[in-house]
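A.B. asks: Please see the structure below; I have some questions.
The values are calculated or read from the model by the stated rules, or taken from the named source; none is laboratory data. All figures in this text were calculated on a predicted structure; none of them were measured in a lab. Every residue, glycine among them, receives a Cβ derived from its backbone with ideal geometry; neighbour counts consider all protein chains shown.
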Amino acid sequence: MNAAFLIISVISLVMMTIHSPESAFSSMINGVSGAISLSIKLVAIYAVWLSVLEMMNKTGIDKKLSKILKPLIKKIFKKESEEAYDWICINVSANMLGMGGVATPAGIKAMERMQDGSEKATHNMVMLFVINATSIQLIPATVIAMRASANSQNAADIILPTLISSGIATLLGIIICKVMSLKKDDDAVLPCSIANNAKSNEKGGLSTRIDNIKSALCKLKQKRNAPKSTIKSVDKNKKGGQKCNK
């Protein structure tokens with residue numbers, strides 16, 4: 001991403017110097033001053049919300065919110081540790097309050113707790129990533145702050161549209177993740193069942209061959225252990241049969 005932004009900035013600067021070189025330097029100065037002022041406003045907003053989050057932590061409201069969310073979180077994210085559930089609840093609750101900067105460290109901690117030792121992302125890790133990307137927001141604090149900095153007359157009128165759109169996006173993301181995880185599990189189970197059937201067939205063929213060899217060996221042993229009188233009687237019977245035929 002850093003390389004992409006660098007390329008975009010260089011191309012923009014080159015095009016600006018070609019078309020209007022006299023306004024290139026002034027546009028750069030205005031852009032830098034606007035970015036600094038926006039950063040200061042966002043820092044102030046985040047400072048307020050971080051203080052609110054700290055007060056919630058001291059009063060135990062975040063733990064109560066985690067208890068409310070934990071039954072739903074356990075149904076969505078199955079077979080995880082309690083510590084992972086705690087970090088997921090903090091991440092989701094921070095996203096719901098519009099504090100994306102606060103939710104990011106909690107999401108990283110939750111991802112670390114959900115690792116299974118392999119280099120691949122698990123189904124629960126993908127699910128958490130999708131929920132963070134869609135993120136239901138009850139109070140979109142960052143967007144409200146940006147609208148307020150742009151002199152919006154009613155910066156908070158986007159709360160209801162944001163809640164509806166983010167809720168639908170999160171629901172669809174969860175459904176798609178569940179469907180894809182079930183499909184992957186079925187694809188992983190089918191080759192295993194085919195391999196097990198092939199192994200059982202191979203074992204069955206080998207067992208029948210071994211039984212045939214054992215029966216042939218038993219017959220040979222019976223012939224060798226048979227008494228000589230029976231063998232002579234059998235030979236006489238054969239000779240008598242031959243004379244009758246003549």
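A.B. asks: Out of region 1-46, which residues are more than 30 Å from residue 95 (Cα to Cα), within 43 Å of the chain's Cα centre (by Cα) and among the small types (Gly, Ala, Ser)?
C.D. replies: Listed by number, the residues that qualify are 9, 12.
A.B. asks: Moving to a separate point now. Name the pairs whose Cβ atoms lie under 6 Å apart, with the first residue in region 47-65 and assigned to a helix (DSSP H, G or I), the second surrounded by 14 or more Cβ atoms within 10 Å (Cβ to Cβ) and at pLDDT 75 or above, and 6 or more positions between them or separate chains?
C.D. replies: Hits for this filter: 65/93.
A.B. asks: Looking at residue 183 and the list (1) under 30 Å from residue 93 (Cβ atoms); (2) within 20 Å of the chain's Cα centre (by Cα); (3) at pLDDT below 80, which single condition is not satisfied?
C.D. replies: (1)
A.B. asks: Among the residues of region 119-141, how many are modelled with pLDDT of 80 or more and not β-branched (Val, Ile, Thr)?
C.D. replies: Count: 10.
A.B. asks: Restricting attention to region 57-82, report how many residues are at pLDDT below 80, surrounded by 17 or more Cβ atoms within 10 Å (Cβ to Cβ) and of a type outside the set (Asp, Glu).
C.D. replies: Adding up the residues that qualify gives 2.
A.B. asks: Right, here's the next one. If I ask for residues that are part of a loop (DSSP other than H, G, I, E, B) and either in contact with a His (Cβ under 8 Å, 6 or more places away or on another chain) or in contact (Cβ under 8 Å) with a residue 24 or more places away in the chain (or both), which ones from region 120-165 would you list?
C.D. replies: Scanning region 120-165 gives 135, 136, 137, 138, 139, 140.
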